[in-house]
Amino acid sequence: YLLYSFDTHQLVLNAFAQTLNGLYDFYLLAGHDEHALRLFQEGDRSMRLEMPRYDTGSWTRYSLGGPEASLDYQRLTVQVLSHLCARSHIDFYCRYAKRFKGYLKNRTGG
């Protein structure tokens, strides 16, 4: 999902994941609203296709095709994906949260 309307080519990982969190939360809070679920599912499909492009194998990219994320953005991404894992129970997000958390441990020693 787009974060910056003035820069339509910058697709930011943590913003994408936060949008999915919001859509999933709305789906639950709105009594399992079908439209919200469809929007979440469409975003989920896109995230599954795009996630490998954010993963450098040792860190994440801040945005698609962009530089590596800062330490703070790496931590934020882990938190957002962990929340999405806990809320949705979708293994894909659980695995990536764990993987990206492992990158933090490898780079920072903790």
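The values are calculated or read from the model by the stated rules, or taken from the named source; none is laboratory data. Values in this document were obtained by computation on a predicted structure and should not be read as measured data. In this analysis, Cβ positions are derived from the backbone assuming ideal geometry, glycine residues included, and neighbour counts consider all displayed protein chains.
For region 34-53, state whether one or more residues are surrounded by fewer than 16 Cβ atoms within 10 Å (Cβ to Cβ), in a loop (DSSP other than H, G, I, E, B) and at pLDDT 95 or above.
Here is the first cut: in region 34-53, the ones surrounded by fewer than 16 Cβ atoms within 10 Å (Cβ to Cβ) are 34-35, 38, 41-42, 45-46, 48-50, 52-53.
With in a loop (DSSP other than H, G, I, E, B) added as a condition, the list becomes none.
No.
If the condition is being under 27 Å from L28 (Cβ atoms) and in contact with a Ser or Thr (Cβ under 6 Å, 6 or more places away or on another chain), then region 61-99 contributes T77, A97. Checking each residue in region 54-93 for being part of a helix (DSSP H, G or I), free of Cβ contacts under 8 Å to residues at least 40 places away in the same chain and of a type in the set (D, E, K, R) picks out D72, R75, D91.
Could we say that Y103 is touching a residue at least 24 places away in the same chain (Cβ under 8 Å) and more than 15 Å from Q18 (Cα to Cα) here? Steps first, please.
Working: touching a residue at least 24 places away in the same chain (Cβ under 8 Å): yes; more than 15 Å from Q18 (Cα to Cα): yes.
Criteria met by Y103.
Answer yes or no as to whether F26 is in a helix (DSSP H, G or I), of a type in the set (F, W, Y) and in contact (Cβ under 8 Å) with a residue 24 or more places away in the chain. So F26 does not fit the description; no.
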